[in-house]
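Before any comments, here is the structure.
The values are calculated or read from the model by the stated rules, or taken from the named source; none is laboratory data. Everything numeric in this text was worked out from a predicted model, so none of it was measured. Because the Cβ atoms are built from the backbone with ideal geometry, glycine has one as well, and the counts that use them run over all protein chains shown.
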Amino acid sequence: MKKSVVVILLLWALPAAAADVSFDRTYTQQNFRDFSEEIGSVLLYRSIGPAVSLGVTGFNLGVELMASDINENKDYWKKAVSGQNPPSYLVNSRISFTKGLPLDLDVGVVLGKILDPDIPYFGAEARYAIVKDRALIPGVTIRGSYSQTFNVDQLDLRTYGLDLSISKGFGVGIKIIPYGGLGASWVSSKASNLPSGLSLDKEEFSATHGFLGARLELGILAITAEFDYGVIPSYNLQLGLVF
């Protein structure tokens with residue numbers, strides 16, 4: 001786990017080869033709308049894991065990698081990054097921490113970064129276990145979330161999310177917990193510090209997404225894989241310590 005944290009921090013510390021968000025002078029409002037829809041889907045806060053409450057003394061520390069399949073051949077991507085050569089997949093590294101509270105509430109924070117183009121962001125969540133996972137009853141959780149870019153010269157993007165998830169655990173000692181859910185998001189995307197002669201209005205819109213995943217628990221070690229499909233598909237992997 002410590003090595004995984006080091007890897008994530010190194011990815012943060014080595015941004016030299018990454019392009020920046022840099023809108024071309026010929027960028028149109030429709031280009032910005034299409035770009036915002038895809039990058040908003042990537043930056044949406046994802047609480048990788050099943051619909052379970054951590055409990056008052058519980059917490060989850062996770063390191064995560066996500067790959068999102070963007071439409072890199074479209075003009076709205078080529079003209080949105082310096083060098084006009086976007087990658088086929090946006091690779092996203094994150095560190096997350098979730099803490100259990102009384103009354104089946106959990107809260108969490110995430111610090112993340114898209115590596116190319118260079119887009120750092122942070123987010124927070126609050127979730128409530130409507131139904132606890134019991135012998136014959138699956139767990140059900142509702143969650144609200146927020147995320148926001150920072151230190152990105154030409155882009156200020158914020159997301160708000162609300163989703164419902166369900167999961168059921170199997171096994172003792174070594175445990176597997178499949179889960180799935182549906183969610184809605186609201187995105188506000190604003191361009192700033194644009195080149196002379198270019199003007200882009202703020203874009204605000206909503207979207208829906210679904211996700212499926214499974215967690216393998218080996219004592220306090222948890223490995224979680226998740227597939228999320230919204231505007232574009234994203235593939236997530238988390239290595240976590242769960243107490």
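Considering only residues that are touching a strand residue (DSSP E or B) at 6+ places or on another chain (Cβ under 9 Å) and part of a loop (DSSP other than H, G, I, E, B), look in region 100-115 and name the one that is nearest to S88 (Cα to Cα).
Restricting to residues being touching a strand residue (DSSP E or B) at 6+ places or on another chain (Cβ under 9 Å) and part of a loop (DSSP other than H, G, I, E, B), the top hit is L115.
Looking at region 56-82 only, could you name the residues that are touching a residue at least 40 places away in the same chain (Cβ under 8 Å), in contact with a Ser or Thr (Cβ under 6 Å, 6 or more places away or on another chain) and outside any strand (DSSP E or B)?
Within region 56-82, S82 is the sole residue that qualifies.
Take the residues in region 132-147 that are part of a strand (DSSP E or B) and touching a residue at least 40 places away in the same chain (Cβ under 8 Å), then tell me which one is farthest from Q84 (Cα to Cα).
The residue in question is G139.
Out of everything in region 204-243 that is among the charged types (D, E, K, R) and buried (at least 21 other Cβ atoms within 10 Å of the Cβ), what residue ends up being nearest to L162 (Cα to Cα)?
Filtering region 204-243 for residues that are among the charged types (D, E, K, R) and buried (at least 21 other Cβ atoms within 10 Å of the Cβ), the one nearest to L162 (Cα to Cα) comes out as D228.
Which one is nearest to L218 (Cα to Cα), of the residues in region 148-177 that are part of a strand (DSSP E or B) and of a type in the set (S, T, N, Q)?
Per the criteria, the residue is S167.
Residue by residue, here is whether (1) buried (at least 22 other Cβ atoms within 10 Å of the Cβ); (2) modelled with pLDDT of 95 or more holds:
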site	(1), (2)
P15	no, no
D20	no, no
T28	no, yes
R46	yes, no
A51	yes, yes
N60	yes, yes
K78	no, yes
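With the requirement that a residue be under 16 Å from the mean Cα position of the chain (by Cα) and β-branched (V, I, T), what does region 221-243 give you?
We begin by selecting, within region 221-243, every residue under 16 Å from the mean Cα position of the chain (by Cα); these are 224-240.
Those that are under 16 Å from the mean Cα position of the chain (by Cα) and β-branched (V, I, T): T224, V231, I232.
Mind telling me which of the residues D133, D118 ends up being in contact with a strand residue (DSSP E or B) (Cβ under 9 Å, 6 or more places away or on another chain), acidic (D, E) and over 19 Å from L182 (Cα atoms)?
D118
Return the residue satisfying two criteria in turn: it lies in region 95-117 and is charged (D, E, K, R) and closer than 22 Å to Q154 by Cα, and of such residues it is surrounded by the most Cβ atoms within 10 Å (Cβ to Cβ).
Taking the candidates together, the pick is K113.
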